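Heads up: the structure comes next, in structure tokens.
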Amino acid sequence: MILEAGELARITIGILTGDDKLIVNGITIDSRAPGAGPDLLFIALRGPNHDGHKFIEHLYHRGIKLFLVDTLPANHGEMAGAGFVMVDNTMEALHRLAGWRREGFRGKVIAVTGSAGKTIVKEWLAGVLSTSKSVIRSPRSYNSQVGVALSLMNLDDHYDVAVIEAGISKPGEMEKLARIIRPDTVIITNIGDAHGENFTGREAVASEKLKLAAGASLVICCADDQVIMKEMASRYPSVPLFTWSVSGQEAGLRVEVAETKNNGQILRCATAGRSFEAVIPFADHASAENAVSVIACCITESLPDQSIVKGMSELPVVAMRMETKRGMNGCTLIEDYYNSDPASLGMAIDFLRTHSRGRTALILSDFRQIGGDEKELYEGVARAVTGAGIDRFIGIGEALSRCRDGFPYGSLFFASTEECADAIRSLNFHDETI
């Protein structure tokens with residue numbers, strides 16, 4: 001991306017002050033960004049706990065000369081050679097810039113959304129598609145209002161396909177993301193059972209997430225999820241669907257799941273015109289469903305069966321999402337560090353049970369951004385822990401501590417991570433899957 005300061009002002013509907021000959025060849029929102037130089041644009045975002053405008057002078061002395069701001073620095077006249085594009089709202093300006101970048105991209109854009117599995121499906125899909133196409137994807141878990149925009153800024157026409165992850169936390173956000181992503185294909189991973197803090201139930205979550213489908217050429221989703229199917233039929237009846245099912249429902253892709261002898265699963269796939277078997281190196285239900293989403297998309301992208309089968313056999317563990325590591329004292333650690341809700345907890349417990357060797361332990365923190373009745377929420381968690389036969393439960397957080405009565409006898413509770421860390425040596429973990 002090479003953009004002149006004057007063109008930047010036009011795209012963002014801003015007013016340029018200072019050097020109009022400056023060139024943009026990259027953007028950053030991080031005041032700690034390495035490689036600061038005169039062709040890097042700093043976008044001064046404001047948030048509840050930060051204000052990028054505070055770092056402008058520091059970044060100027062590090063070599064950055066062009067800034068996107070909503071307020072000019074008091075001493076901007078003393079910053080020789082600098083340029084400032086002033087806008088009403090820097091977040092909205094970032095979205096305009098990302099939308100401009102997306103508009104110029106000639107490849108296909110595949111967007112992935114849902115309540116869980118987004119990052120895994122995005123990573124796996126990009127990996128399998130890259131066997132036959134040039135693919136760019138959102139880095140890490142860049143799925144927020146900021147992250148999606150930054151992901152789109154990386155687009156260029158060296159790539160055939162872009163796989164972009166889209167996440168939301170409250171109503172109104174998906175419409176903004178849909179305007180800048182403008183996806184050709186949308187993959188809906190699932191709609192969880194959790195009642196988010198800003199949503200009233202699954203139907204409300206589905207309604208918001210599926211706004212990404214408006215204007216898409218294809219939506220890939222699970223025919224087994226009646227909430228998704230009903231929402232698509234009522235709101236987006238003209239958007240083509242490619243559906244999949246693992247329960248025998250009528251669908252474009254029907255999959256029978258069977259276990260293997262070496263901690264994996266066989267996915268027996270059938271469409272109207274083809275059938276094949278793919279083996280994935282994971283034994284849990286969530287991984288099977290995520291893999292089927294990937295297979296469904298690969299079919300719509302006309303990948304050969306052998307490419308899909310090979311890609312499925314080589315699926316990697318996605319960092320920090322059900323990542324298995326060897327621990328001390330004969331223990332195995334399964335790390336799941338992304339946002340948690342009851343649906344993703346259920347998947348994590350399922351994964352723990354299928355990967356455990358010997359005793360099992362579950363360490364869980366309070367849910368965040370979960371509304372509804374607290375007592376009812378954690379009673380459900382306690383039932384899930386008891387039903388799964390977890391040998392040892394450790395709860396961290398004030399909410400879990402308040403609701404300890406429903407958990408199995410011997411469960412431990414700490415008000416904070418720090419309290420648990422102080423006590424960790426006395427907990428005597430040995431030969432457990434944690």
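The values are calculated or read from the model by the stated rules, or taken from the named source; none is laboratory data. Bear in mind that the values here come from a model prediction, so they are computed numbers and not experimental data. Here Cβ is always computed from backbone atoms with ideal geometry, including for glycine, and neighbour counts include all displayed protein chains. Just the protein is used for accessible areas: all its heavy atoms, side chains included, with ligands, DNA and RNA removed. Shrake-Rupley method; radii C 1.70, N 1.55, O 1.52, S 1.80 Å.
Rolling a 1.4 Å sphere over the protein heavy atoms, what is the accessible area per residue of the range 101-250, to the nearest Å²? Working shown, then result.
Numbers: 5910 Å² over 150 residues.
Dividing the accessible area of the range 101-250 by its residue count gives 39 Å².
Rounded if a/c is under 1.5, else prolate if a/b is larger than b/c, else oblate: which is the range 202-253, with a ≥ b ≥ c the root eigenvalues of its Cα gyration tensor? Working shown, then result.
Working: a/c = 2.21, a/b = 1.32, b/c = 1.67.
It is oblate, given that a/c is not under 1.5 and a/b is not larger than b/c.
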Who wins for biggest fluctuation among ARG357, ARG179, ARG268 in a Gaussian network model of the chain, springs between alpha carbons below 10 Å? ARG357
Spelling it out for ARG359: with amide H atoms placed in the peptide plane at 1.01 Å from N, the residues 5 or more places away or on another chain with amide H under 5 Å from its amide H are THR433
Where is the GNM fluctuation largest for the chain (alpha-carbon springs, 10 angstrom cutoff): ASP284, ASP405, ASP224? ASP405
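Between ARG357 and THR71, take the C-beta separation as r, use R0 = 51 Å, and let me know the FRET efficiency to the nearest 0.05. Don't skip to the end; give the middle numbers.
On the way: r = 58 Å, r/R0 = 1.14.
Once the sixth-power term is evaluated, E becomes 0.30.
Can you figure out the FRET efficiency of VAL257 with ALA214, using R₀ = 22 Å and their beta-carbon distance, to the nearest 0.05?
Values: r = 32 Å, r/R0 = 1.46.
That pair, VAL257 with ALA214, gives E of 0.10.
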On a 0 to 90 degree scale, rounded to 10, what angle separates helix 90-103 from the longest Cα axis of the chain? 80 degrees
For the chain, set up a Gaussian network in which alpha carbons nearer than 10 Å are linked by springs, and say which option among SER169, SER302, SER238 fluctuates the most. SER302
Largest-first ellipsoid semi-axes for the chain, taking √(5λ) over the Cα gyration tensor eigenvalues, angstrom: 40, 30, 20
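Specify whether the C-alpha gyration tensor of the range 347-434 places it in the rounded, prolate or oblate class, a ≥ b ≥ c being the square roots of the eigenvalues: rounded for a/c under 1.5, otherwise prolate if a/b is larger than b/c and oblate if not. Don't skip to the answer; put the middle values down first.
Values: a/c = 1.86, a/b = 1.20, b/c = 1.55.
Oblate, since a/c reaches 1.5 and b/c is not below a/b.
Once the other residues with Cβ under 12 Å from the Cβ of THR354 are scored (Lys, Arg +1; Asp, Glu -1), what is the net sum? Intermediate values should be presented prior to the final figure.
On the way: positive: ARG353, ARG357; negative: GLU259, ASP284, ASP350.
Around THR354, the charge tally is -1.
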Over the Cα atoms, compute the radius of gyration (one decimal) and Dmax (the largest Cα-Cα distance, rounded to a whole number) for the range 85-161, in Å. 13.5, 44
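Within the set of other residues whose C-beta is less than 14 Å from the C-beta of GLN249, count the net charge using Lys and Arg as +1 and Asp and Glu as -1.
Net charge around GLN249: -3.
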Charge dipole of the chain about the Cα centre (unit charges at C-beta), most positive-ward option of VAL112, MET229, LEU303: LEU303
Computed Rg/Rh of the range 1-152, alpha carbon atoms with Kirkwood Rh: 1.01
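For ARG402 and ASP19, compute 0.36 nm times the residue count separating them, minus their Cα-Cα distance, and round to one decimal in nm. If you can, show how the numbers build up before the last one.
On the way: separation 383, 0.36 × 383 = 137.88 nm, distance 5.86 nm.
Extra length from ARG402 to ASP19 when fully extended: 132.0 nm.
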Between the range 17-65 and the range 203-229, what is the C-alpha centre distance in whole Å? 38 Å
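State the percentage of accessible surface on the chain attributable to carbon and sulfur atoms; use a 1.4 Å probe and exclude ligands, DNA and RNA.
Ligands and nucleic acids excluded, carbon and sulfur give 48 percent.
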For the range 119-178, what does the equivalent ellipsoid look like in terms of its semi-axes, each the square root of 5 times an eigenvalue of the Cα gyration tensor, given largest first in whole Å? 22, 13, 8
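Treating the beta-carbon of each Lys and Arg as +1 and of each Asp and Glu as -1, no other charges, what is the dipole magnitude of the chain about its Cα centre, to the nearest 20 debye?
It comes to approximately 640 debye.
Rounded if a/c is under 1.5, else prolate if a/b beats b/c, else oblate: with a ≥ b ≥ c from the C-alpha gyration tensor eigenvalues square-rooted, which is the range 31-86? Write down the numbers at each step before the final one.
On the way: a/c = 1.73, a/b = 1.16, b/c = 1.49.
Verdict is oblate for the range 31-86.
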Report the net charge of residues surrounding PHE407, where surrounding means a beta-carbon distance below 10 angstrom and charges are Lys +1, Arg +1, Asp -1, Glu -1. 0
If you take all C-alpha pairs in the range 143-188, what percent of them are over 17 Å apart? 30 percent
Of the listed pairs LYS209/LYS375; LYS325/LYS375; LYS176/LYS375; LYS118/LYS230; LYS65/LYS108, which have alpha-carbon separations greater than 24 Å here? LYS209/LYS375; LYS325/LYS375; LYS176/LYS375; LYS65/LYS108
Going by Cα centres, the range 121-161 and the range 76-97 are how many Å apart? 27 Å
